[in-house]
Protein chains: 2
Amino acid sequence: MSDAQKGPVFTEIVLEVFKLGGFLVSEGDRMGSEYGITSARWKILGALSLAGEPQTVPQIAGSMGLTRQAVQRLVDAMQKDNLLLFQDNPGHKRAKLISLSDLGKTVYSKLYEKQSGWAKTCSAGITQAELETTLSVLERISGAIER
Amino acid sequence: MSDAQKGPVFTEIVLEVFKLGGFLVSEGDRMGSEYGITSARWKILGALSLAGEPQTVPQIAGSMGLTRQAVQRLVDAMQKDNLLLFQDNPGHKRAKLISLSDLGKTVYSKLYEKQSGWAKTCSAGITQAELETTLSVLERISGAIER
DNA sequence: GGCGAATTGACAACATATTGACAACCTCGG
DNA sequence: CCGAGGTTGTCAATATGTTGTCAATTCGCC
């Protein structure tokens, strides 16, 4: 199999990632609208939930592939909406630790249930193996770029 | 294989698509900066090149998964920068036909060469079959959302 | 031919994300 | 202990994309 054939497929994947990203943002906004949540805010809730412990803004940014400035703005707005809690960081005067408030936890778990049903619908007709290959390939491409 | 296991993998794919999308935009901006081109403008050049014939704004938007308003803004700016040509549409007084100018064609072909080498590096260690599976899965997910 | 529905361009308001710059803070080596 | 360099929060400018609205145009059906 010649490497020359991989270029065009790779280009198509890039275009499809852009397209699908747009669709997913729209879909996430739609699902979250019931709780006053946008896709971007959902990402923050998810990052905090996955981490399992309070995180700083740069930590969240790193795990999500965003800049710290982008995360900071979201986090500030979400604290005002009582979705997040800021705690003083004993080891660092400026870098506050951020965690989910009770409201944030409640909203996230309700979104998680809603998203599970949607995920099942979207992945109908796609095998587990295909999904795992896709995830692996996307991760390897991300890793190769590694900005 | 239970469907219940597909949900978590699907969620990870969604997060990875967001992350990779951000990386690809950055990388595209970086590669295009030499020619004064951003990722968004590259997408427009690519859509016109792939179509092979002049397109209207809504046609470009449909093929790229963007809204016509987003495409309109880019196209207007790119015409001012002499990357695109507007032609009167014989069949429609308002919807002008848009095509690549000579400058647009030159820039796109240079970007294509640059991107080819980059694609080869990024896809090192990934088989053709894996890439094709990934593209197929992403397309099926896009199709399932089909906003 | 004509009328209602859909398409299209234009404009506005907003959310998201980037880069750049600066000052405050922290860490670590000398 | 202290200063250089990296980290963090903040602010600003810009780019990209969304939704919503309006008027002009086109299309399809009668």
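The values are calculated or read from the model by the stated rules, or taken from the named source; none is laboratory data. These numbers were taken from a predicted model, which means no experiment stands behind them. Here the Cβ is made from the backbone with ideal geometry for all residues, glycine too, and neighbour counts use every protein chain on show. The area values use the complete protein model at the heavy-atom level, side chains included, leaving out ligands, DNA and RNA. Shrake-Rupley method; radii C 1.70, N 1.55, O 1.52, S 1.80 Å.
Let me check I've understood the local charge: for B:Leu135, count other residues with C-beta under 12 angstrom from its C-beta, Lys and Arg +1, Asp and Glu -1. What total comes out? Taking every Cβ under 12 Å from that of B:Leu135, the sum is -3. Taking only the C-alpha atoms of the protein assembly as shown, the Rg (one decimal) and the largest Cα-Cα distance, Dmax (whole number), read 20.9, 70 Å. For chain B, a Gaussian network of Cα nodes joined below 10 Å ranks B:Ser109, B:Ser26, B:Ser123 by mean-square fluctuation, and the top entry is B:Ser123. A cut-off of 5 Å between modelled amide H atoms, ignoring neighbours fewer than 5 places along the same chain, links A:Asn89 with A:Leu97. Hey, if you drop one equal point scatterer on each alpha-carbon of the range B:66-147 and run the Debye formula without solvent, what base-10 log of I(q)/I(0) do you get at q = 0.13 Å⁻¹? Reported log10 I(q)/I(0), two decimals: -0.73. Comparing A:Met78, A:Met31, A:Met64 in a Gaussian network model of chain A where C-alpha atoms under 10 Å apart are linked, the largest mean-square fluctuation is found at A:Met64.
Among the GluC sites (Glu not before Pro) found in the range A:70-147, those both in a DSSP coil and sparsely packed, with 14 or fewer other Cβ atoms within 10 Å of their Cβ, are A:Glu146. Multiplying the residue separation of A:Ala124 and A:Ser136 by 0.36 nm and removing their Cα-Cα distance gives an extension gain of 2.4 nm.
Between B and A, roughly 5500 Å² of accessible area is buried in total, ligands, DNA and RNA not counted and the probe set to 1.4 Å.
Couplings 3J(HN,Hα) for the range B:123-128, derived from phi with the Karplus relation 6.51 cos²θ - 1.76 cosθ + 1.60 (θ = phi - 60°), are 9, 4, x, 10, 7, 4 Hz, where x marks Gly and Pro. Modelled spin-label separation between B:Ala144 and B:Gln79, with each label point placed 7 Å from Cα along the Cα-to-Cβ direction: 4.0 nm. Note on A:Lys96: aspartates and glutamates with a C-alpha under 17 Å away, same-chain residues under 8 apart excluded, are A:Glu53, A:Asp76, A:Asp88.
Projected onto their three principal axes, the Cα atoms of chain A cover extents of 56, 33, 23 Å, largest first.
Placing a label point 7 Å from Cα along the Cα-to-Cβ direction at A:Glu146 gives distances to the equivalent points in the other copies of 4.0 nm, listed shortest first.
Tell me, how many Å apart are the Cα centres for the range B:33-76 and for the range B:97-137? Each part reduced to its Cα centre gives a spacing of 15 Å. When a 1.4 Å probe is rolled over the protein heavy atoms, the share of accessible surface on the protein assembly as shown that falls to carbon and sulfur comes to 52 percent. 3J(HN,Hα) along the range B:96-103, derived from phi through the Karplus expression 6.51 cos²θ - 1.76 cosθ + 1.60 where θ = phi - 60°, amounts to 6, 8, 10, 9, 6, 7, 4, 4 Hz, with x in place of Gly and Pro.
Each residue of the range B:56-72 is assigned a 3J(HN,Hα), and the resulting list reads 8, 4, x, 5, 4, 4, x, 6, 9, x, 10, 7, 5, 5, 5, 5, 4 Hz, derived from the Karplus form 6.51 cos²θ - 1.76 cosθ + 1.60 (θ = phi - 60°), x at Gly and Pro. So, R0 is 22 Å and r is the distance between the beta-carbons of B:Leu103 and A:Gln5; what FRET efficiency does that work out to, to 0.05? So, using R0 = 22 Å, E works out to roughly 0.10.
Rolling a 1.4 angstrom probe over the protein heavy atoms with all chains in place gives the protein assembly as shown an accessible area of 53 Å² per residue.
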